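The following block contains the structure, expressed as structure tokens.
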Amino acid sequence: MSAPPKDRGEPVTSKRQLVEYIESACKPKSAWRIGTEHEKFGFKLDDLRPLPHGGPWGIGALLQGLADKFGWTQVYEGENVIALSHDDCNISLEPGGQFELSGAPLATLHETCAEVRGHLAQVKAIGDELGIGMLGMGFQPKWRRSDIHWMPKSRYKIMREYMPKKGKLGLDMMTRTCTVQVNLDFESEADMVKKFRVGLALQPIATALFADSPFVDGKPSGFMSFRGNVWTDTDPDRCGMLPFVFEDGMGFDRYVDWVLDVPMYFVYRDGRYVDCSGQSFRDFMKGRLPALPGEVPGMGDWSDHMTTVFPEVRLKKFLEMRGADGGPWDRLCALPALWTGLLYDGAALDAAWALVRDWSAAEREALRVDVARDALQAKFRGRPVADWAKDALAIARQGLRGRAALKHGEDESHFLGSLDVIADRGEPPARVKLRQYETEWNRSVDPLFNEYAY
């Protein structure tokens, strides 16, 4: 959730504090939790147009309706409601109005899926009253970037001006992409490193399984996951596959060094975001930040800065798996099932690491690029990616069975069902939509807003 920090926290005077900040998140396996985040596109039911923030059918009205009817607490920036909170959940807005739930840290996938179901029911109840629908896909299929309304969050203005200096597709990332991700815990530094490596290596496999963004500006883009392609040309300083994670000496300290070297976007002071784009957090620690000369950061500033890096797996006080397109309800449950199965059972984690440990950095990067275009039909080491996906799903299934988290006598492995179908067919969701586009939809993307809305 990209809300302003509540407190600057203690002053940062050494790198060791930054390392200890992440290190303090280590926890025993009994305390590991699953946190699911997912974004979706809001649209007006009568003309399919994207939603502004203001007005009777805008995002602001939707947030207000959720607060009034379901008891969410509003978060403001100036006079605008830009987020909601309730218990351990948050609802926030991405730059183009993408509507995001950041779920609570939960013990089982049964609880996670119930949370997703409840959230979507609430959003639909208010949306029906306002004439608003919600669509889960990886990239806005119909509307151009110029048609998208920017949300009234000042941090996005800073990012909007900086992004085109670093890549061609950064503004598309901000306004026209949606993802589903899962946040997972680690027990120790060594456990974090192993999970980080497996997560990065297999992230392109998740991209292929979840590939559901074949359209741009109402036409086929040539990619199965155009969202995946967008991330290859957003900002090389803060995105990508992080080859250093696989090098000797990887740990909390090495990751902190990388984040310190990523140029800053902003600092939040006195109710406003100060533009620090391109400046150095290392200089900030020395009191030499040009935007705030003489000031040193607080831990809240460091926490904020950590949210402005966007690798395929991101380390904060947990690991975020970030490679999947948004999608329908069943795949919002399948994504956390995939990664929980792979990373939360010791035998499964060992098997997943054995699967990927000899992949080179060049191979991992090529796989990431190839699956954005061809998804499960891409080839890797002479095999279709669909076969690698089946291998990963088999490991994840055993991991979920090993967890033995039962509800009504059923373990968590059934949440992988939608992915099994996709892998067995060798056909990602994008391919299905492309076929419908060419046949029953008469080369129009408009029908998908009705057929695939939540």
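Derivation of every value follows stated rules applied to the coordinates shown; laboratory data play no part. For clarity, every value in this text was computed on a predicted model and none was experimentally measured. Virtual Cβ from ideal backbone geometry, glycine too; neighbours counted across all protein chains shown.
log10 I(q)/I(0), Debye, Cα-only the chain, no solvent, q = 0.09 Å⁻¹?
These q points yield log10 I(q)/I(0) values of -0.56.
Could you pull out every whole DSSP H run in the chain that spans at least 24 Å of Cα extent along its own axis and averages 1.0 or higher on the Kyte-Doolittle scale?
Numbers: long enough: 109-130 (31 Å, -0.07); 189-210 (29 Å, 0.61); 385-403 (27 Å, -0.23).
Taking the DSSP H segments of the chain (at least 24 Å long, mean hydropathy at least 1.0), we get none.
Additional query: I need the P(r) histogram for the range 92-211: all alpha carbon pairs, bin width 10 Å from 0 out to the longest distance, whole percents.
10, 29, 37, 21, 3, 0
Given H placed 1.01 Å from N in the peptide plane, which residues other than close sequence neighbours of THR179 have an amide H under 5 Å from its amide H?
Under 5 Å from the amide H of THR179 lie the amide H atoms of GLU39, GLY326, each far enough along the sequence or on another chain.
How far apart, in nm, are two points set 7 Å out from the Cα along the Cα-to-Cβ line at SER30 and at ARG381?
So the label points at SER30 and ARG381 sit 3.8 nm apart.
To the nearest 0.05, what FRET efficiency results for ALA125 and GLU187 with a Förster distance of 35 Å applied to their C-beta separation?
Numbers: r = 40 Å, r/R0 = 1.14.
For ALA125 and GLU187, the calculated efficiency is 0.30.
Here is a follow-up. Only counting other Cβ atoms within 10 Å, I'd like HIS305, HIS149, HIS38, HIS408 sorted with the fewest neighbours first.
By the 10 Å Cβ count, ascending, the order reads HIS408, HIS149, HIS305, HIS38.
How much net charge surrounds ASP88 when only the other residues with a Cβ under 12 Å from the Cβ of ASP88 are counted, with Lys and Arg +1 and Asp and Glu -1? Working shown, then result.
Numbers: positive: ARG33; negative: ASP87, GLU111, GLU115.
The answer is -2.
Mind giving me the FRET efficiency for HIS414 and ARG254? R0 is 35 Å, r the Cβ-Cβ distance, nearest 0.05 is fine.
Once rounded, the FRET efficiency stands at 0.35.
Determine the relative contact order of the chain: mean sequence separation of Cα pairs under 8 Å and six or more apart, normalised by residue count, in whole percent.
Answer for the chain is 21 percent.
In the chain, what percentage of the DSSP-assigned beta bridges are antiparallel, given to the nearest 5?
Working: 48 of 51 bridges.
Just about 95 percent of them are antiparallel.
If you rank GLU111, GLU20 by fewest surrounding Cβ atoms within 10 Å, what's the result?
GLU20, GLU111
Could you give the C-alpha radius of gyration of the range 21-174 expressed as a fraction of 2.2 N^0.38 Å, taking N as the number of residues it contains?
1.12
State the extension gain, in nm to one decimal, for the chain segment bounded by VAL274 and LYS317, taking 0.36 nm per residue of separation less the distance between their alpha-carbons.
On the way: separation 43, 0.36 × 43 = 15.48 nm, distance 2.51 nm.
Here the segment from VAL274 to LYS317 would lengthen by 13.0 nm.
When you count, for each residue, the other Cβ atoms within 10 Å and take the mean per peptide, how do 241-248, 384-391, 23-30 rank with the highest first?
So the peptides 241-248, 384-391, 23-30, ranked by packing, come out 384-391, 241-248, 23-30.
Cut-off is 10 Å between beta-carbons; in what order do THR307, THR207, THR175 appear when sorted fewest neighbours first?
Ordered by Cβ neighbours within 10 Å, fewest first: THR307, THR175, THR207.
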